[in-house]
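Since the structure comes first, as structure tokens, the remarks are kept for the end.
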Amino acid sequence: MKVFALGSALALAASVGLSAQQSTVKEKTTVDVKDGKDVKVTGCVERAASGPGFVLSRVESGGTPTPFYVLVGEDGTLANHVGHLVEIKGKATDVGDDGKVDVTTKTKVEREHGDDSHTKTKTRIEGATDVPFLGVKSVKMLRETCS
């Protein structure tokens, strides 16, 4: 009976140890505009109303009037310019254009006592889009306020 109780206690302790393993999930998503047209526009950088990211509002350009762009790439730089009037150079896909937008997500699961796993998913948006995207190549602050 003592052996059975000792065996049960060891099995219970081992199962508690297995459930206590920790894992860390790291995810990185990048969005790139492909086959867009090169543009230089001015406008105000704002945080996206829904979800992460940024938009350029009050857009002024020499070409087709676009009221806003969803900004992709350079999120770290854009965060420093929220509320600023900026000039942005990059590649744009306007509503109805045949540009391409690639969304790539890399996920890494690190396990404390096990093998890590890696996944990569890529989605391409082609053809006419409902939203104009601007792949940011450079940002230049023109004024500290948008007004």
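The values are calculated or read from the model by the stated rules, or taken from the named source; none is laboratory data. The structure presented is a predicted model; accordingly, all values stated were derived computationally and were not measured. Cβ placement follows ideal geometry from the backbone for every residue including glycine, while neighbour counts extend to all protein chains displayed. All accessible areas refer to the heavy atoms of the entire protein, side chains included, with ligands and DNA or RNA removed. Shrake-Rupley method; radii C 1.70, N 1.55, O 1.52, S 1.80 Å.
If we scan segment 107-126, do we find a residue that is in contact with a Cys (Cβ under 6 Å, 6 or more places away or on another chain) and in a strand (DSSP E or B)? Looking through segment 107-126, none of the residues is in contact with a Cys (Cβ under 6 Å, 6 or more places away or on another chain) and in a strand (DSSP E or B). Among the residues making up segment 64-99, those that are touching a Lys or Arg at 6+ places or on another chain (Cβ under 9 Å) and modelled with pLDDT under 80 are Gly73, Glu74, Asp94, Asp97, Gly99. Given the structure, is Pro52 outside any strand (DSSP E or B), within 16 Å of the chain's Cα centre (by Cα), at negative phi and at pLDDT below 80? Against the criterion (outside any strand (DSSP E or B), within 16 Å of the chain's Cα centre (by Cα), at negative phi and at pLDDT below 80), Pro52 qualifies. Just one residue in the set Thr104, Thr123, Thr93 is open to solvent by 30 Å² or more (accessible area, probe 1.4 Å) and among the polar types (S, T, N, Q); that residue is Thr123.
Scanning segment 14-38 for residues that are open to solvent by less than 30 Å² (accessible area, probe 1.4 Å) and either in a strand (DSSP E or B) or at pLDDT 85 or above (or both) yields a count of 1.
Among residues of segment 122-141 that are free of Cβ contacts under 8 Å to residues at least 24 places away in the same chain, those with a beta-carbon under 7 Å from a residue that is surrounded by fewer than 18 Cβ atoms within 10 Å (Cβ to Cβ) at least six positions away or on a different chain give the pairs Lys122/Asp102; Lys122/Thr104; Thr123/Val103.
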